[in-house]
Amino acid sequence: MEYALITGATGGIGYALAECFAKDGKALVLVSSNMEHLKKAEEKLLANYNVPIEVYEKNLAGERAAEELFLQLKERKIRITYLVNNAGFGLLGKTEEIAMDKEEAMLILNMMTPVKLVKLFLPEMKRAGCGYILNVASVGAFQPGPYNSSYYATKAFLYHYSRGVRYEAKKAGVSISTLCPGTTGTDFFKKAGTKTPKGAMTPEQVAVYAYRKMKKKKDVIIPGFWNRMARFVPSGIKLRVIAVIKERQAKCK
Ligand SMILES: NC(=O)c1ccc[n+]([C@@H]2O[C@H](COP(=O)([O-])OP(=O)(O)OC[C@H]3O[C@@H](n4cnc5c(N)ncnc54)[C@H](OP(=O)(O)O)[C@@H]3O)[C@@H](O)[C@H]2O)c1
């Protein structure tokens with residue numbers, strides 16, 4: 001049976017992706033920082049899908065979490081065919097007002113952990129001559145985002161890293177896709193201290209589209225027509241628009 005490892009699978013886009021994999025008969029390895037959330041997600045999935053599910057509580061903003069997870073799965077002889085680097089969060093506000101420890105945790109979770117998980121799981125996929133990696137970046141990867149600056153920069157990093165490694169892995173039969181969602185109605189904005197903007201896509205819409213494109217080995221996956229169109233707007237213009245929106249959101253925190 002093929003296993004899919006999904007980080008941040010207890011809610012939002014990660015949970016919706018877990019449903020797509022389960023519907024397709026894949027066994028699941030769900031990872032998040034909270035066992036209670038994991039148990040709830042597992043229960044909900046088992047009520048609807050007949051697939052094996054393993055849950056792992058890991059703070060992926062911690063420095064050795066990726067290595068620990070890899071070793072635990074190795075001990076259990078679980079081979080991962082699908083790796084989804086989804087867990088992430090954003091920090092809103094003037095850069096000097098964002099606490100240093102939160103900043104550090106975000107940089108590890110959004111950048112270092114996905115890099116480590118790719119490095120740990122890719123060799124086995126290459127040996128097997130097959131595998132899929134889906135890295136969840138954002139449309140924020142395409143331009144700077146004032147008052148959300150480091151978050152946007154983490155997504156730009158992940159976008160370029162993911163596309164670079166895709167080129168390396170392709171020859172060995174491993175497909176790496178980069179998912180760039182636009183505004184999506186999850187807990188993401190609430191956790192950043194603001195409200196979800198109007199017109200957000202649902203996590204289910206994002207996940208179903210992403211799953212289909214990932215299976216087709218698409219390079220960059222942008223759910224939503226207007227999100228795809230926005231890519232062609234000059235980044236200097238987008239920067240100014242985003243600055244106004246994010247400054248307003250940061251003030252309302
Ligand atoms: N929502 C949007 O508008 C949007 C747009 C573009 C890109 N994205 C990206 O999409 C991804 C998923 O976000 P979402 O919108 O679905 O947000 P979400 O609803 O807040 O879900 C985030 C997930 O990450 C997990 N997580 C958070 N911190 C963690 C940690 N330290 N260790 C392990 N797991 C952790 C959470 O689980 P626990 O709380 O159980 O740990 C949760 O399952 C993120 O990378 C985000 O940057 C979101």
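The values are calculated or read from the model by the stated rules, or taken from the named source; none is laboratory data. It should be emphasised that the depicted structure is a prediction, and the values quoted were computed from it without experimental measurement. Cβ sites come from the backbone with ideal geometry, for glycine too, and all protein chains shown count toward neighbours. The accessibility values were calculated without ligands, DNA or RNA, using every heavy atom of the protein model including side chains. Shrake-Rupley method; radii C 1.70, N 1.55, O 1.52, S 1.80 Å.
Among the GluC sites (Glu not before Pro) within segment 6-87, those in coil by DSSP and having at most 16 neighbouring Cβ atoms inside 10 Å are Glu63. Among Val174, Val115, Val233, the residue with the largest mean-square fluctuation in a Gaussian network model of the chain, with springs joining Cα atoms closer than 10 Å, is Val233. Here the peptides 165-171, 130-136, 235-241 are ranked by packing, the mean other Cβ count within 10 Å, and the order with the highest first is 130-136, 165-171, 235-241. Loop-located trypsin sites (Lys or Arg not before Pro) in segment 48-101 (DSSP state not H, G, I, E or B) with no more than 16 neighbouring Cβ atoms inside 10 Å: Arg64, Arg76, Lys77, Arg79, Lys94. Rounded to the nearest 20, the Cβ-based charge dipole of segment 131-252 about its Cα centre (Lys and Arg +1, Asp and Glu -1) stands at 220 debye. Among the listed pairs Lys23/Lys116; Lys44/Lys74; Lys119/Lys213; Lys23/Lys44; Lys58/Lys102, those with a Cα-Cα distance over 19 Å are Lys23/Lys116; Lys44/Lys74; Lys119/Lys213.
Note on the chain: helix-only mean residue ellipticity at 222 nm, from DSSP H runs of 4+ residues weighted -39500 (n - 2.57) and normalised by residue number, equals -15000 deg cm²/dmol.
Fully extending the segment from Ala230 to Asp187, taken as 0.36 nm per residue of separation minus the present Cα-Cα distance, adds 13.1 nm. Extension gain, Asn48-Arg248: 0.36 nm per intervening residue step, less the Cα-Cα distance, totals 67.9 nm. Take the Cβ-Cβ distance between Lys170 and Arg240 as r, set R0 to 30 Å, and report the resulting FRET efficiency rounded to the nearest 0.05. My answer for the efficiency is 0.25. Under a model in which nothing but the beta-carbon of Lys, Arg (+1) and Asp, Glu (-1) is charged, segment 1-59 shows a dipole of about 80 debye around its Cα centre. Put a plus charge on the Cβ of each Lys and Arg, a minus charge on the Cβ of each Asp and Glu, and nothing anywhere else: the dipole of the chain about its Cα centre is then about 1000 debye.
Taking the inverse of the mean 1/r over every pair of distinct Cα atoms in the chain gives a Kirkwood hydrodynamic radius of 18.4 Å. When the Cα positions of Ile53, His37, Ala27 are compared along the charge dipole of the chain, Ala27 comes out farthest toward the positive end, with charges on each C-beta of Lys, Arg, Asp and Glu.
Mean sequence separation of contacting Cα pairs (under 8 Å, at least six apart), scaled by the length of segment 138-253, corresponds to a relative contact order of 32 percent.
What percentage of the solvent-accessible surface of segment 158-227, computed with a 1.4 Å probe over protein heavy atoms, is contributed by carbon and sulfur atoms? Let's see the in-between values first.
Working: 2090 of 3740 Å².
C and S atoms contribute 56 percent here.
Relative contact order of the chain: 19 percent, from C-alpha pairs under 8 Å at least 6 residues apart in sequence.
Within the listed set Thr81, Thr95, Thr184, the residue fluctuating most in the Gaussian network model of the chain (springs between alpha-carbon atoms under 10 angstrom) is Thr95.
Taking the highest mean first, how do the peptides 5-12, 26-33 order by number of other beta carbon atoms within 10 angstrom per residue?
The most tightly packed comes first, giving 5-12, 26-33.
Report the relative contact order of segment 92-205, percent, no decimals, based on alpha-carbon pairs under 8 angstrom and at least 6 residues apart. Could the numbers behind the result be given before it?
Details: 144 pairs, mean separation 30.7, N = 114.
Averaging sequence separation for qualifying contacts and normalising by length gives 27 percent for segment 92-205.
Here the gap between Lys74 and Glu2, fully extended at 0.36 nm per residue and compared with their Cα-Cα distance, gives a gain of 24.4 nm. Please give the Cα centre distance for segment 26-69 versus segment 80-94, rounded to the nearest Å. Each part's Cα centre sits 15 Å from the other's.
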